[in-house]
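Read the structure below first, then the notes.
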Amino acid sequence: MKGKTARCDWKSAPQKKPSPCDRYKHACVICRGFVYLYGGRNTTGLRDFWRYNIVKNEWEMLDCSRDAPEELEEHSMVAYEGTLYIFGGMVDSAFTQARTPLWIYDTDSARWTECRNVPAETESSAPSNRKGHSAVVYHSHMYIYGGYFGIRGISQEFWTFHFETRKWLCVSTPSHSAGPGPRHGHSAVVHLAAMYLFGGLMGLSEQKDLWKWDFVSSSWSHIKTSGLLVSPYLLLSLTFSQGPPPVVGHASVAFKDSMLIFGGGMPNSSPHDDLWKYHFHTQTWK
């Protein structure tokens, strides 16, 4: 049009909401209706901290620039009364091997605190850095089992951390005959007054065994289980003494009266996408 300037109104492109990048060897935990995720590995080690709102289906990147852990892999994260506890997973070095890497995150104040314990200075009264261990919460304690120290080998140490006093205690370092033995890449859950530990790697051997730690009697027991195989074609059930195959790096969670195990794999092979269910009362797999 003569005497007027042509005008074009561009609509702004929709902004893509932030979300974590692809990763593995990270840690997740649910706390007060949110999923918290820290670290892991993509092409390099990651040092990012995310919170997922389950109701809104939205991710939010949280600040981890000050007092937070560095890049972590194969660490653990648990929640207790609105506070997150991240242990282990530091890059191997002479410094980290002698260090107790425990960070505490208060979800109310959004503040990080490093719980400083150096075993060399406290006569080994706290666990040193490790990866691939398991961590569970029972009452007011966190229980950590196993893991590996890099070139120093695999651990069978069993530690407890008291949330109120922030003190460590070595529960036991059992012999192979009395407990699961040294292993990493396993999983553990709590049901009633017991911790159940499954699978993982002992040396170069993948495991499919299930162990129970009784918090009341402070003792290990090896659980011999059976499985339930249901055929949709024959409409019958067959009992077999198997359960999941040997797996490493799987995930497990306790739900109602069962333990659910997903994924995992064996070195130099493709990971599984199987979902297994262990029923605590009947001691059967499905």
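T43 accessible area, nearest 10 Å², 1.4 Å probe?
110 Å²
Want the number for R51 to K208: 0.36 nm per residue separation, take away the alpha-carbon distance, what's left?
Full extension from R51 to K208 adds 53.2 nm.
Counting just the Cα atoms, what span does the stretch 244-286 cover along each of its three principal axes? Round to the nearest Å and put the largest first.
Per principal axis, max minus min of the Cα coordinates gives 35, 15, 13 Å.
Which entries in the list K56/K277; K208/K256; K131/K167 go over 27 Å, if you measure between the two C-alpha atoms of each?
K56/K277
Kindly write out, for the stretch 146-157 in residue order, the coupling ³J(HN,Hα) from the Karplus curve 6.51 cos²θ - 1.76 cosθ + 1.60 (θ = phi - 60°), rounded to whole Hz, with x marking Gly and Pro.
Residue by residue, the stretch 146-157 yields x, x, 10, 9, x, 5, 7, x, 10, 9, 10, 5 Hz.
Using a 1.4 angstrom probe and counting only protein chains, how large is the accessible area of H272 in Å², to 10?
60 Å²
Using a 1.4 Å probe and counting only protein heavy atoms, arrange R111, R41, R23 so the residue with the most accessible area comes first.
R111, R41, R23
The values are calculated or read from the model by the stated rules, or taken from the named source; none is laboratory data. Treat the numbers as computed from the prediction; the structure is a model and nothing was measured. Calculation scope for accessible area: heavy atoms of the full protein, side chains included, ligands and nucleic acids excluded. Shrake-Rupley method; radii C 1.70, N 1.55, O 1.52, S 1.80 Å.
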